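Have a look at the structure below before the remarks.
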Amino acid sequence: MNATAPHPITRWEDALRVGPSHFQRGEVRGRVKRAQRRILLRPKHVALSVLAVSAVLFGLSRAYLFLIGWSVFTTQTVLLDCRIESARTELEAALADCRLGNLLLLDIARLKEALERHRWVREAVIRKDFPSTLRIEIRERRPAALLGSAGGLRLIDRDGVILEDAAAPDRTDLPFFRDDGGFQTNAAEKLELAWSCLDSLGPDERERVESLDLSEFGKVVLTLKGNPTRLILGADRFREKLARYLEAEAWLKIELGELEYVDLRLFEDLMTVKQVPVIQETPAAAILPTSSKEAD
């Protein structure tokens, strides 16, 4: 029986094709446990810790009491920045009567709330300037319109806050809102409708507006400068309706003369008008001298 043994060179070539062998450790390594040293907490350690914390807290409290009682931090100067003369005078008088005390203890949020109750103050920005100065910047409300009622004229801002009484000749640059009821009912809704009307107009159109009558809820009646005709616009499409009237304004004056009102609410291409009634003067009766006969 013949047996054939593999040649040594053949085994060596096969080993080269397979590649070199590498020794690999297991993928999972065992955790190395380290010896832990236990620290025993004795009563003296607890006592020392309590004493240390107490000493720190006591020192902080004494420092705090010293600082709040130190006259260096007492508010001595208040710098108020306000451009409205009347408002600045009133606020300065109120702050002079107020004891602000130590600057560290001053509650800025509470002072801010108190200042913003003033009718002219939209926002108050307060900053502490140590050691003894308080800086206050007032951001004022801006006059936006005049309210007309039986009680006179009042100046208001965009939010409807009454700023002060006003005279018409002094603020002719502001729109004039009228209400026969003195804005006693539905004031917020009426003012919102008025601003919606003005905001919808262009700059040139808005410049021509003299007043808005808001006496009837949900209806805007507009009057132009130099033209007493009342334009009834309703509650929507203000610019479209006003443009329709301005397009026909010259023709209406020529054909119909002076108009009491023009109602632009009912139809898209039509308008209802009412002429100013003409009052004919009755001639006075002639007084004739009576003759002497008739007198007898």
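The values are calculated or read from the model by the stated rules, or taken from the named source; none is laboratory data. Fair warning: this is a prediction, and the values are worked out from it, not measured in the lab. Here the Cβ positions follow ideal geometry from the backbone for every residue, glycine too, while neighbour counts run over all protein chains shown.
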**OP:** Kindly list, by first and then second residue, each pair from a residue in segment 101-126 that is in contact (Cβ under 8 Å) with a residue 60 or more places away in the chain and farther than 25 Å from Glu85 by Cβ to a residue that is of a type outside the set (Gly, Ala, Ser) and assigned to a helix (DSSP H, G or I), limited to pairs with Cβ atoms under 7 Å and residues at least 6 apart or on different chains.
**Re:** none
Original post:
Is it fair to say Glu260 is in contact with a Ser or Thr (Cβ under 8 Å, 6 or more places away or on another chain), of a type outside the set (A, V, I, L, M, F, W, C) and either modelled with pLDDT under 90 or surrounded by fewer than 13 Cβ atoms within 10 Å (Cβ to Cβ) (or both)?
Top reply: yes
**OP:** Answer yes or no as to whether Asp199 is over 20 Å from the mean Cα position of the chain (by Cα), in a helix (DSSP H, G or I), loosely packed, with under 13 Cβ neighbours inside 10 Å and of a type in the set (D, E, K, R).
**Re:** no
Original post:
Can we say Lys219 is within 17 Å of Glu205 (Cβ to Cβ) and either surrounded by 13 or more Cβ atoms within 10 Å (Cβ to Cβ) or among the aromatic types (Phe, Trp, Tyr) (or both)?
Top reply: no
Original post:
Among the residues of segment 85-97, is there at least one that is among the hydroxyl-bearing types (Ser, Thr, Tyr) and either modelled with pLDDT of 85 or more or touching a Phe, Trp or Tyr at 6+ places or on another chain (Cβ under 6 Å) (or both)?
Top reply: yes
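Can you tell me which residue is modelled with the lowest pLDDT among those in segment 111-162 that are of a type in the set (S, T, N, Q) and under 30 Å from Thr75 (Cβ atoms)?
Residues of segment 111-162 of a type in the set (S, T, N, Q): 132-133, 149.
Imposing the further condition that a residue be under 30 Å from Thr75 (Cβ atoms) reduces the set to 132-133.
On the way: Ser132: 91, Thr133: 94.
Within segment 111-162, the match that is modelled with the lowest pLDDT is Ser132.
Could you run through segment 174-191 and say how many residues are surrounded by fewer than 12 Cβ atoms within 10 Å (Cβ to Cβ) and among the acidic types (Asp, Glu)?
First, pick out the residues of segment 174-191 that are surrounded by fewer than 12 Cβ atoms within 10 Å (Cβ to Cβ): 184-185, 188.
Of the ones still in play, those that are also among the acidic types (Asp, Glu) are none.
Result for segment 174-191: 0.
Given the criteria polar (S, T, N, Q), at pLDDT 80 or above and loosely packed, with under 14 Cβ neighbours inside 10 Å, does Thr229 qualify?
No.
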**OP:** Tally the residues that are in contact with a helix residue (DSSP H, G or I) (Cβ under 6 Å, 6 or more places away or on another chain) and in a helix (DSSP H, G or I), restricting the search to segment 207-241.
**Re:** 2
Original post:
Checking Trp120 against (1) among the aromatic types (Phe, Trp, Tyr); (2) surrounded by 11 or more Cβ atoms within 10 Å (Cβ to Cβ); (3) farther than 28 Å from Ile156 by Cα, which single condition isn't satisfied?
Top reply: (3)
